[in-house]
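Single-structure report; data block below.
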Amino acid sequence: GLMLKTNINAITALKMAIQLEIDSYQLYSDASSSARNENSRGILRLLAEEGYSHKRRLEKLYTELSGRRILALNVKPKLKLREIMNENVSPIEVLEVAIENERENLKFYRTAAERTRSLDGKRMFRRLIQEEESHLELLEMEYKVRKKNYPGDGPQEEQLHEVSQAMN
């Protein structure tokens with residue numbers, strides 16, 4: 001994962017966080033346009049929206065803290081594109097990759113919260129942590145339901161709809 005120095009400033013951590021969310025957004029929206037399975041597409045679209053709104057919020061905060069608009073970022077993307085770029089990807093596989101990805105993000109945010117000196121920075125990362133945690137919980141719930149009821153493949157649209165309601 002991303003190693004953080006003992007003390008980082010909130011700005012640096014924010015930049016990395018923004019890159020994380022950009023990667024997630026990119027990954028999920030690309031995958032959602034290539035997925036054939038309706039359920040897979042739905043979940044991916046939701047995940048993309050989530051990443052996008054996090055990115056927007058982080059950028060706003062970045063501007064507030066730094067007085068600058070954020071331009072280029074230079075953190076290397078680290079997501080496992082292959083697994084869900086497959087057009088025949090099943091909802092269960094999508095969820096597996098998403099859960100792993102969200103756990104990674106969470107780890108990053110926890111470290112950032114710990115190592116950011118500024119109180120505003122800490123507060124912001126704690127808020128992100130809470131959101132990521134509830135997001136992760138929903139993904140894991142959805143995953144369990146699907147594993148149990150459809151070891152082979154995807155459930156009905158209304159179940160997906162419930163999860164999307166909860167996530168938004």
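Here, each number is a calculation from the coordinates, and none is a lab measurement. Predicted model, so just to flag it, every value in this text is computed and none were measured. Note: ideal-geometry Cβ built from the backbone for every residue, glycine included; neighbour counts use all protein chains shown.
At 0.36 nm per residue, minus the direct Cα-Cα distance, what do residue 53 and residue 126 gain on full extension? Give it in nm, one decimal, please.
Numbers: separation 73, 0.36 × 73 = 26.28 nm, distance 1.68 nm.
Additional length available on full extension: 24.6 nm.
Note down the nm distance, to one decimal, between modelled labels 7 Å out along Cα→Cβ at residue 88 and at residue 137.
3.7
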